[in-house]
1. Return a yes/no flag: does segment B:61-69 have any residue that is over 23 Å from B:N143 (Cβ atoms), at the interface with chain A (Cβ under 10 Å from one of its Cβ atoms) and hydroxyl-bearing (S, T, Y).
2. Return the total of residues in segment B:24-36 being in contact with a Pro (Cβ under 8 Å, 6 or more places away or on another chain) and surrounded by fewer than 16 Cβ atoms within 10 Å (Cβ to Cβ).
3. Identify all residues within segment B:25-60 that are under 19 Å from B:Q102 (Cβ atoms) and in a loop (DSSP other than H, G, I, E, B); write none if there are none.
4. Restrict the check to segment B:49-72 and report whether at least one residue is in contact (Cβ under 8 Å) with a residue 40 or more places away in the chain, aromatic (F, W, Y), crowded, with 16+ Cβ neighbours inside 10 Å and closer than 30 Å to B:S31 by Cα.
5. Quick one: in segment B:6-16, of everything that is over 25 Å from B:L92 (Cβ atoms) and of a type outside the set (V, I, T), which residue is most open to solvent (accessible area, probe 1.4 Å)?
6. Given A:I50, A:I107, A:I45, which one is more than 8 Å from chain B (Cβ to nearest Cβ), free of Cβ contacts under 8 Å to residues at least 40 places away in the same chain and among the β-branched types (V, I, T)?
7. Going by the conditions given, is B:G21 outside any helix (DSSP H, G or I) and open to solvent by 20 Å² or more (accessible area, probe 1.4 Å)?
Amino acid sequence: MPLYASRLKVGDVHSVRLVEDLSRTQIVQYAGASGDYNPLHTDEIFATKIAGYPTVFAHGMLTMGITSKMLTDYVGETRLTKYGVRFTNPVWPGDSLDAKATVKALISRNGENFVELSVSTTNQDGVEVLRGYAEARIDP
Amino acid sequence: MTSNKFPVEASHIMMFARAIGNESPVYMDASAAQREEAAGIIAPPTFVAAAAQFDPDPDDTLRPRPGQPWLGSGRNPSGIDRPDSASGGGALHAEQHYEYHQPLRVGDVLTVSHLPGRTWDKEGRRSGKLTFSETLTEYRNQNNELIITARSVGVRTERPVG
């Protein structure tokens with residue numbers, strides 16, 4: 001389960017499919033769990049007729065949360081020290097999402113080992129929807 | 001600085017984990033979680049976003065309030081008279097950054113403190129003028145220990161994105 005500095009190298013890639021055919025229902029689940037009820041995400045009538053979007057779209061923070069599963073499965077649930085993202089394109093109902101972590105650096109700090117990762121999530125058309133970074137404590 | 005309290009509960013963590021598509025036992029099952037490095041149920045990395053549920057004075061677009069007109073549809077596509085002014089081109093979340101200092105656990109009671117950050121403008125190809133604004137947030141537990149620090153960047157656009 002834990003990652004070992006001695007077994008990782010810069011350029012290693014960890015990739016996983018996280019969502020197939022994102023449902024509007026999952027977006028509604030996220031609105032309820034997070035407390036962000038902005039109708040852009042859950043109200044098709046409002047999103048299309050008032051806001052001028054083709055459909056509702058996922059909260060950026062849903063995409064960040066979905067992507068975090070790739071990270072916690074990879075580094076372990078208690079190991080993340082940093083995680084930051086930019087939402088580069090909208091995620092629409094029906095999208096399928098793949099997330100990739102690439103090892104950027106292995107560093108030692110105060111007697112502890114860390115891995116620095118770049119993070120990218122793309123949809124089924126290969127369009128990047130989220131780009132970011134993460135840092136995690138790893139074993140030697 | 002403004003602040004409010006956010007109690008961290010097992011059922012909320014379970015529902016949040018389900019919503020992000022992660023049914024790992026450390027978010028769901030106290031006895032299984034006890035056997036993991038987590039040593040008990042902990043929160044997923046982005047769980048502090050759910051502090052929105054405990055915001056006593058939420059933004060008009062965050063959640064409906066009893067007795068007040070709501071931006072979203074009901075009988076009509078919007079419940080307010082001038083929805084264009086509220087949705088504009090739309091205020092969107094552009095970036096989110098977290099730094100984790102300690103695991104967030106069931107039973108923790110977070111104090112959520114917000115500080116404003118910078119504001120800046122940019123020209124977008126499809127969206128017209130973009131106005132970015134930054135918010136810094138500290139999440140401290142009931143022992144005043146810093147658990148998570150966050151920086152979020154919002155953007156307001158002149159025209160819809162997508």
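The values are calculated or read from the model by the stated rules, or taken from the named source; none is laboratory data. It should be emphasised that the depicted structure is a prediction, and the values quoted were computed from it without experimental measurement. Methodologically, a virtual Cβ is constructed for each residue, glycine included, from the backbone with ideal geometry; neighbour enumeration extends over all protein chains shown. Accessible surface areas use protein heavy atoms only, side chains included; no ligands, DNA or RNA. Shrake-Rupley method; radii C 1.70, N 1.55, O 1.52, S 1.80 Å.
1. Looking for residues that are over 23 Å from B:N143 (Cβ atoms), at the interface with chain A (Cβ under 10 Å from one of its Cβ atoms) and hydroxyl-bearing (S, T, Y), one finds at least one in segment B:61-69, hence yes.
2. 1
3. B:E36, B:E37, B:A38, B:A39, B:G40, B:I41, B:A43, B:P44, B:P45, B:T46
4. No - not one qualifying residue is present in segment B:49-72.
5. Among residues in segment B:6-16 that are over 25 Å from B:L92 (Cβ atoms) and of a type outside the set (V, I, T), the one most open to solvent (accessible area, probe 1.4 Å) is B:E9.
6. Answer to the check: A:I107.
7. Criteria met by B:G21.
A quick yes/no check of all residues on (1) more than 21 Å from B:K5 (Cα to Cα); (2) facing chain A (nearest Cβ under 8 Å):
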residue	(1), (2)
B:G21	yes, yes
B:S31	yes, no
B:R35	yes, no
B:A52	no, yes
B:R75	yes, no
